[in-house]
Amino acid sequence: MAARLNSFVFVSLRILGLAFLFSLFDVVKAVEKTNYNSGNHQRYNLISESLNNQTDFPVLQQSEILSYEKDENPILTLKIFADKQYDYNQNIYIAKGNAKAIINGGILRADLIRYDRLSNTLNAEGNVRFERGGQYFRGTIFKYNFLKKVGKIEDSYGIIDIDNVIEDLKLTSEIERLLIENISENKLKYNRRINLVDGIEFTIGNIKVPDNQITRTDKSIGSINHWRFKSKLISIEENGWKSEQITFTNDPFDPIQISFEAFDVIAREEDDEMVITSSKNYLNFNGIARIPIGKKRFGGERKKKSRFELIFDGKDRDGFVLIRRNDPILLNKNINIDLQPQILIQRALKGKSNSYAGNDNAIKFSDLIGLNINIDADYENWKYESRNDFSTLNIDNLFDGLRHSSTFRRELQSPILNEVDLNIFTAYRFRAWNGTIGETEIKSAYGGFLDKGNEFDLGEIKNRFNLRIGLANYEAEKLFSNESTSLWRSSLFASLDSDYYLWQSDQKDLEETTKSLLSPVLIKPEFILRTKVNSAYFNYEDGSEQAFVKFSAGPELRLGNLKRNFLDYTKISIMPGIKIKSGNSPFKFDNAIDLRTINLSLAQQLYGPFILSLESNLNVDTKSENYREYYGTKLGFLLHKRAYECGLYYHPDQNAGGLYFRLNGFKFDNAVKAKF
């Protein structure tokens, strides 16, 4: 996250503060050169046009506006508009009163714009604004010397749209026309709304964090595109810029809920790349808490930095583990290798291990060190992923401490199913959970399958369909013993999930700007009927067969909208299920059990941003030896705000848990204020 956040500061200031300025420098030089070459001995420092034709000194007419072309770059132009324009002694040009300069296709506005030809300095004072597309900044004073290539921006704040920076800064006649008419091309493409579109997520633990309970999706993509920023003073230098402090926020509304403060920020060019450093950084939760996040360096050849993470793994590592995360190693431009060394803290404190058989649980020093090796590669249309988890580096325990999984994937065209995904996989000591049986282990597996997924609507019913055909060899625990057996299995699996909206609130404010303090989206109370149909047929090498079909159906009710502090959001789902089966699997991991179940799901606001989350399955088959047992239970305690959320999750069945933090990213429109 920090890399993306700091890159935002670099892009905003580099492009807004430097790029158009250097372009302006080129324009000024070209204008003077063109005037001399044309034989015009009356020297004008800038090309200007008066809005009301009331000036104290001569100005060029519209037909005399000059442009030039430098090297292979597009044509660059500069135009000045103002109520009054002056040219003092052929040296100082002043535009005042609604002064507006179109520079390289962007608009610079100020109460007064002054250019000194002798010192080659441009000054803009009073309510200074610059805008192009989705890029915008304001300030009280802007000053730049084109000869020394130094300048400053005082009391600056602004908005940057990272995804559209390059397009917004392209110079075309169409963009220039839109800007003259005060229309942003960026704003023409989108509706004028503020939507949750992206985000950044951090996790600590050994579980996969579920989707957001409110938005029903995870928008985290590892980056945020739209930011607001502010700084008392930004000093521009020939090869970069610096600032004592820069603050930026992802929150589109005031008062902001979270911000990032960077101190002693310096940007410099090193080997044709911009490198940004800051001596210290803080994460500020709107005055509630201010957390230091250390020194940062971004761009160029990064120095290797320690990034530690604490997790809990009671199954393989006897408790708490300290992980050191490194930057991935890039090989041949298409192979990434990620190495994560580990120190098994709790195993070291105990002086023994319960994770490996024999030797009276005695351990060696090499049992205190673990390692994760993750490999990602792509070649043409193939993608390869390999996950290798070593809970020990002791040679004697190495194979008992290794868990491995890998896949080759690519998309194929088939005559009946059209586009399908081909997956070829291998696994070693793969952990699997099967209902009330609990955890089982697949000692080894290899094979492949074809997967086809599709989403479609039938009237008002939304459907998700999945089909999987596979063939694989498994060595896994037998159904009725802890011994292992190895067999080939062919499989056919199909599922259909459907949602039918029985009722939805007709809130007129759903099109309005999202200003909720506790949610990044507007919540729409609703009543949904959900159905799930799962079916499978398995044929095994020993001649045994298993087939089943499971049908589940039930309501989901969502009430409240998180606008009040007490019990203003409830989501509850109850889904009974019945499974009809024929035959048994020789394996424990895929045998169809729990023939009568009820799936329960609840999310409830307690007070303010605090939400309790619960999901579990209950076996209600009176003929089962596991009758009235719960499985697949997930507990969560969340702190939910508009700009961010964090939470604690625990899975009792797996003896696993984790923490997460999400930073929400929004698409800004012209309703967002830059100042905060």
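The values are calculated or read from the model by the stated rules, or taken from the named source; none is laboratory data. The structure displayed is predicted, hence computed values, not measured ones. Using ideal geometry, Cβ is built from the backbone for each residue, glycine included, and neighbour counts are taken over all protein chains shown.
Somewhere in region 434-443, is a residue in a strand (DSSP E or B) and in contact with a Leu (Cβ under 7 Å, 6 or more places away or on another chain)? Before the answer, list the steps.
Residues of region 434-443 that are in a strand (DSSP E or B), as a first pass: 434, 438-443.
Okay, now just the ones that are also in contact with a Leu (Cβ under 7 Å, 6 or more places away or on another chain), so none.
No: region 434-443 contains no residue that is in a strand (DSSP E or B) and in contact with a Leu (Cβ under 7 Å, 6 or more places away or on another chain).
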Residue count for region 73-94, restricted to those that are of a type in the set (A, V, I, L, M, F, W, C), at pLDDT 70 or above and closer than 17 Å to Asn120 by Cβ
3
Please verify whether region 231-251 includes one or more residues that are in contact with a Phe, Trp or Tyr (Cβ under 9 Å, 6 or more places away or on another chain), in contact (Cβ under 8 Å) with a residue 60 or more places away in the chain, among the hydrophobic types (A, V, I, L, M, F, W, C) and in a loop (DSSP other than H, G, I, E, B).
no
Any residue in region 314-331 that is over 25 Å from Ile363 (Cβ atoms) and not assigned by TED's automatic domain parsing to the domain that holds Gly205 sitting within a Cβ distance under 9 Å of a residue that is assigned to a loop (DSSP other than H, G, I, E, B) and among the charged types (D, E, K, R)? List the pairs, counting only those 6 or more apart or interchain.
Asn326/Lys304; Asn326/Lys305; Asp327/Arg302; Asp327/Lys304; Asp327/Lys305
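Just to be sure, is Gly583 in contact (Cβ under 8 Å) with a residue 24 or more places away in the chain and surrounded by fewer than 18 Cβ atoms within 10 Å (Cβ to Cβ)? I'd like the intermediate steps shown before the answer.
On the way: in contact (Cβ under 8 Å) with a residue 24 or more places away in the chain: yes; surrounded by fewer than 18 Cβ atoms within 10 Å (Cβ to Cβ): yes.
Yes: the conditions hold for Gly583.
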Any residue at all in region 216-226 that is surrounded by fewer than 16 Cβ atoms within 10 Å (Cβ to Cβ), among the hydroxyl-bearing types (Ser, Thr, Tyr) and not assigned by TED's automatic domain parsing to the domain that holds Tyr650?
yes
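Determine if region 581-588 includes at least one residue that is closer than 18 Å to Gly438 by Cα and in contact with a helix residue (DSSP H, G or I) (Cβ under 7 Å, 6 or more places away or on another chain). First the steps, then the outcome.
Residues of region 581-588 that are closer than 18 Å to Gly438 by Cα, as a first pass: 584-588.
Subset that is in contact with a helix residue (DSSP H, G or I) (Cβ under 7 Å, 6 or more places away or on another chain): 588.
Within region 581-588 (the criterion being closer than 18 Å to Gly438 by Cα and in contact with a helix residue (DSSP H, G or I) (Cβ under 7 Å, 6 or more places away or on another chain)), the answer is yes, since at least one residue qualifies.
The rows are residues; the columns are (1) more than 33 Å from the chain's Cα centre (by Cα); (2) at pLDDT 80 or above; (3) part of a strand (DSSP E or B).
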| site | (1), (2), (3) |
| --- | --- |
| Leu112 | yes, yes, yes |
| Arg129 | no, yes, yes |
| Arg138 | no, yes, yes |
| Asp155 | no, yes, yes |
| Gly158 | no, yes, yes |
| Lys187 | no, no, no |
| Asp198 | no, yes, yes |
| Asp218 | no, no, no |
Counting only residues that are more than 35 Å from the chain's Cα centre (by Cα), give me the strands (runs of 3 or more DSSP E) lying completely in region 568-676 with at least 1 of them.
569-582, 596-607, 610-619
Of everything in region 428-439, what is surrounded by 17 or more Cβ atoms within 10 Å (Cβ to Cβ), of a type outside the set (Gly, Ala, Ser) and under 34 Å from the mean Cα position of the chain (by Cα)? Give them in sequence order.
Tyr428, Arg429, Phe430, Asn434
For residues that are in contact (Cβ under 8 Å) with a residue 40 or more places away in the chain and touching a strand residue (DSSP E or B) at 6+ places or on another chain (Cβ under 6 Å), scanning just region 121-134, find the one that is surrounded by the most Cβ atoms within 10 Å (Cβ to Cβ).
Arg132
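To keep it simple, each residue is scored yes or no on (1) closer than 19 Å to Ala427 by Cβ; (2) touching a strand residue (DSSP E or B) at 6+ places or on another chain (Cβ under 9 Å); (3) part of a loop (DSSP other than H, G, I, E, B).
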site	(1), (2), (3)
Gln340	no, yes, no
Arg347	no, yes, no
Ala357	no, no, yes
Asp376	yes, yes, no
Arg387	yes, yes, no
Asp396	no, no, no
Subset of region 422-443, residues among the small types (Gly, Ala, Ser), in contact with a strand residue (DSSP E or B) (Cβ under 7 Å, 6 or more places away or on another chain) and touching a residue at least 40 places away in the same chain (Cβ under 8 Å), comes to Ala432, Gly435
Only one residue in Leu487, Leu492, Leu502 is under 22 Å from Val549 (Cβ atoms) and among the hydrophobic types (A, V, I, L, M, F, W, C), so which one is that?
Leu492
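Residue by residue, here is whether (1) more than 19 Å from Asp653 (Cα to Cα); (2) surrounded by 15 or more Cβ atoms within 10 Å (Cβ to Cβ); (3) in contact with a Leu (Cβ under 8 Å, 6 or more places away or on another chain) holds:
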| position | (1), (2), (3) |
| --- | --- |
| Lys588 | no, yes, yes |
| Asp594 | no, yes, no |
| Ile598 | no, yes, yes |
| Leu606 | yes, no, yes |
| Pro609 | yes, yes, yes |
| Asn617 | no, yes, yes |
| Asp621 | yes, yes, yes |
| Glu625 | no, no, no |
| Tyr631 | no, yes, no |
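Do the conditions hold for Asn664, that is, is it modelled with pLDDT of 95 or more and polar (S, T, N, Q)?
Numbers: modelled with pLDDT of 95 or more: no; polar (S, T, N, Q): yes.
Judged against the criteria, Asn664 is not a match.
Can you pull out the residues in region 440-456 that are closer than 13 Å to Lys478 by Cα and under 32 Å from the mean Cα position of the chain (by Cα)? Show your work before the answer.
Pass one, region 440-456, residues closer than 13 Å to Lys478 by Cα: 440-443.
Of everything in region 440-456, nothing turns out to be closer than 13 Å to Lys478 by Cα and under 32 Å from the mean Cα position of the chain (by Cα).
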Restricting attention to region 376-423, report how many residues are aromatic (Phe, Trp, Tyr) and in contact with an Asp or Glu (Cβ under 6 Å, 6 or more places away or on another chain).
0
Within region 370-413, how many residues turn out to be buried (at least 16 other Cβ atoms within 10 Å of the Cβ), among the hydroxyl-bearing types (Ser, Thr, Tyr), closer than 21 Å to Asn332 by Cα and not assigned by TED's automatic domain parsing to the domain that holds Phe430?
2
Residues of region 444-479 classified as within 30 Å of Ile528 (Cα to Cα), of a type in the set (Asp, Glu) and part of a strand (DSSP E or B), total:
3
Checking the condition more than 21 Å from Tyr446 (Cβ to Cβ) and out of contact with any strand residue (DSSP E or B) (no Cβ under 8 Å at 6 or more places or on another chain), which residue from Asn372, Asn361 passes?
Asn361
